[in-house]
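Here is the structure we will look at, set down as structure tokens.
No lab work stands behind these numbers, since they all come straight from the coordinates. Only a predicted model underlies this, so the values are computations on that prediction, with no experimental measurement involved. As a convention, Cβ positions derive from the backbone with ideal geometry for all residues, glycine included, and neighbour counts pool all protein chains shown.
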Amino acid sequence: MPIAATDVRWVEEPKLGILDEFYLPAIVQGLGTTMRHMFSRKITVQFPEERPTDVERDFSKLPPTYRGVHRLNRDEVGRVKCVACYMCATACPAHCIDIVAAPSPWPDREKYPETFVIDELRCIYCGMCEEACPVDAIELTSLYDLTGFSREEMMFDKEKLLSVFDETVKAGTDPIRTHSGRLSVASELAEQGT
Amino acid sequence: MYTWRDFWITVITIAVVMGALQLTCAYLILLERKIAAWVQDRIGPNRAGPRGLFQPIADGLKFLFKEDIIPSHVDKVFYLLAPAVAAGTATLAFAVVPFGPTSADPGEYQFVIAPRLDIGILFTFSITSLAVYGIILGGWSSNDKYSMLGALRSSAQLISYEIPLGLSVLGVILFTGSLNLERAIQQQIEGGWNILYQPLAFLIFLVGVLAECNRLPFDLPEAEQELVGGYHTEYGALKFGLFFLGEYTHMITTSFLLATLFFGGWHVPWLQGWIDGLGFGAVIIKLGVFVLKASFFIVFYMLLRWTLPRFRFDQLMGLAWKVLIPLALVNLVCVMIVEESIRANGLSHAWRWSLLPISLVIVGASAMAAAKLPRRPAQVSLAVPARFETVPRG
């Protein structure tokens with residue numbers, strides 16, 4: 001959107017007074033800010049001992065928009081929401097999503113993912129898959145401490161991703177984008193069409 | 001009369017001071033990191049030992065045991081010479097700087113490596129200026145763009161700050177009547193700290209010294225953000241450590257110089273008589289007071305680093321040549337006039353106090369003149385989005 005002329009205001013560079021020309025008051029003011037921060041509360045989280053989620057200090061909690069491990073959402077009846085449209089795999093800049101589609105066993109959609117594998121080591125956690133998803137099936141949760149002993153272990157398949165959904169729902173750490181329990185507009189339209 | 005006893009005392013002093021200096025440098029690096037962290041609302045290094053107190057040892061070991069890489073495209077001789085010059089000159093400059101109780105008369109032990117050197121200040125200035133050779137050699141021989149730019153900036157910086165630095169200290173020398181640093185302390189004990197007489201000279205000296213130590217806001221040769229470390233980009237392991245050592249030694253030297261020239265060295269006003277009567281305790285107290293004054297300046301440097309943005313080198317040159325040199329010259333002339341009138345008319349030294357209002361008037365007048373001078377483009381307009389309210393100036 002171009003910037004309208006009414007959105008622009010012209011300001012003049014302020015004239016420096018005698019006090020400003022001393023420079024020293026400004027430096028003292030700056031030193032004051034520095035000193036204030038020196039003795040202010042520290043926001044460091046001592047990670048292995050403390051965790052951002054269990055520290056009582058509010059400001060150190062992970063934000064609900066944090067992009068961690070993926071999950072595959074379920075609908076109201078516990079089926080995977082995904083319709084195997086490949087839009088997440090196409091959007092993915094790291095090519096870490098591998099989907100094999102199959103005809104859907106359910107009447108409300110044509111396809112469903114027979115396998116759905118995300119290589120969590122390859123993923124760059126950019127969140128473009130969840131932006132691309134037309135049915136809000138894939139989401140990034142705020143799980144941050146993802147570790148494993150082998151590369152194979154870090155290939156998350158459909159069951160694993162669905163279990164991440166179950167865990168995060170149980171723990172009450174839904175990502176902020178969740179429209180939980182409701183298929184999004186795209187899938188509802190498909191329903192009306194049949 | 002120079003005896004073998006004097007010789008051995010000097011050797012022992014050098015050994016102890018070198019050790020202490022390097023240990024202090026190591027811990028200053030820890031302090032720097034801690035202060036950097038605190039200012040940024042972080043905790044800082046806290047894993048090695050209690051509260052991170054062993055961090056400098058870990059850092060030192062790391063410097064020692066890292067692979068000593070010499071890039072293939074460097075000029076080997078100068079590349080290896082540069083860190084040695086940087087660290088060597090820095091430590092050499094410390095030789096004449098008093099770091100504890102001294103006396104202008106021979107006899108008792110002096111807390112300075114080369115006591116009663118009559119060219120004290122001159123020696124320090126000439127040697128610390130040599131430290132720039134370390135930087136320029138390092139930048140040139142590294143044979144890459146960033147180092148080269150760092151070295152060039154360093155030379156531009158040198159011709160900016162050295163003149164006001166030297167001029168500002170001339171006023172103090174006129175007071176003392178000697179280049180001897182112990183005599184400078186002695187004179188301040190008798191007549192009061194120089195900062196009270198010549199606050200302007202102190203300010204100019206402080207700015208010059210910041211540039212001399214390559215500390216922000218004048219760390220142009222290093223400039224991590226623009227030059228990826230500047231002149232020491234190509235250095236690793238102990239060679240980089242030597243550059244670091246030189247830099248922090250420089251900070252220590254200049255801090256002690258500031259305390260010596262303007263804050264009366266180990267002098268404590270009003271309590272001096274009581275302290276002098278304590279015998280050996282007096283030595284400890286004086287040492288402590290001196291170190292305290294110097295560490296105040298070191299902490300001040302570190303705080304300033306996180307307060308002021310870096311100058312461009314043309315800005316630094318403008319500040320030095322258009323502001324500091326004229327101010328230093330005016331200050332020097334005023335000191336000369338006052339000193340000469342005292343001497344010619346046989347007035348008491350109390351007339352030196354007239355320099356304090358004179359300094360303040362000079363600073364006020366220059367600020368007023370600067371406010372009156374036209375700026376480059378008289379007014380600059382900026383387009384800002386209307387939703388941002390500009391903060392009214394107050």
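Please state the shape class of chain B: rounded when a/c is under 1.5, otherwise prolate if a/b exceeds b/c and oblate if not, all from the C-alpha gyration tensor.
Values: a/c = 1.63, a/b = 1.07, b/c = 1.52.
In terms of gyration-tensor shape, oblate.
Quickly work out the A:Glu114-to-A:Lys15 label distance, labels modelled 7 Å from Cα along the C-beta direction, and quote it in nm with one decimal.
8.0 nm
First measure r as the distance between the Cβ atoms of B:Leu347 and B:Leu174, then evaluate 1/(1 + (r/R0)^6) with R0 = 22 Å and state the FRET efficiency to the nearest 0.05.
0.90
Within 10 Å of each residue's Cβ, count the other Cβ atoms and sort B:His250, B:His232 from fewest upward.
B:His250, B:His232
Where q = 0.10, 0.22, 0.25 Å⁻¹, what log10 of I(q)/I(0) comes from the Debye formula for region B:279-370, counting one point per Cα?
Here log10 of I(q) over I(0) equals -0.52, -1.04, -1.11.
Once the other residues with Cβ under 12 Å from the Cβ of A:Leu121 are scored (Lys, Arg +1; Asp, Glu -1), what is the net sum?
Neighbour charge sum, excluding A:Leu121 itself: -2.
Determine, from the Cβ-Cβ distance of B:Arg47 and A:Lys170 and an R0 of 30 Å, the FRET efficiency 1/(1 + (r/R0)^6), rounded to the nearest 0.05.
0.30
Distance cut-off 20 Å, Cα to Cα: go down the list B:Lys66/B:Lys145; B:Lys322/B:Lys372; B:Lys34/B:Lys286; A:Lys81/A:Lys170; B:Lys34/B:Lys145; B:Lys239/B:Lys293 and report the pairs above it.
Cα-Cα > 20 Å for B:Lys66/B:Lys145; B:Lys34/B:Lys286; B:Lys34/B:Lys145; B:Lys239/B:Lys293; rest within.
Report the FRET efficiency, 1/(1 + (r/R0)^6), for B:Met336 and A:Ala102, where r is their Cβ-Cβ distance and R0 is 60 Å, rounded to 0.05.
Efficiency, rounded to the nearest 0.05: 0.05.
Taking neighbour counts of Cβ atoms within 10 Å as a proxy for exposure, in what order, fewest first, do B:Trp274, A:Trp10, B:Trp353 appear?
Ordered from fewest to most neighbouring Cβ atoms within 10 Å, B:Trp274, A:Trp10, B:Trp353 come out as A:Trp10, B:Trp274, B:Trp353.
Across the Cα atoms of region A:24-152, what radius of gyration and what greatest pairwise Cα-Cα distance (Dmax) are found, in Å?
Taking only Cα atoms of region A:24-152, I get Rg and Dmax of 21.8, 76 Å.
Report the paramagnetic label zone for B:Glu67: residues of region B:240-260 whose backbone N is under 19 Å from a point 7 Å from Cα along the Cα-to-Cβ axis.
Taking a point 7 Å out along Cα→Cβ of B:Glu67, the residues of region B:240-260 whose backbone N falls under 19 Å are B:240-241.
Share of Cα-Cα pairs in region B:72-183 beyond 25 Å, in percent?
37 percent
Can you give me the Kirkwood hydrodynamic radius for the protein assembly as shown, using every pair of distinct Cα atoms, in Å to one decimal?
29.4 Å is the Kirkwood radius here.
Mind jotting down the distance between the C-alpha centroids of region A:77-155 and region B:47-91, whole Å?
So the separation of the two Cα centres works out to 49 Å.
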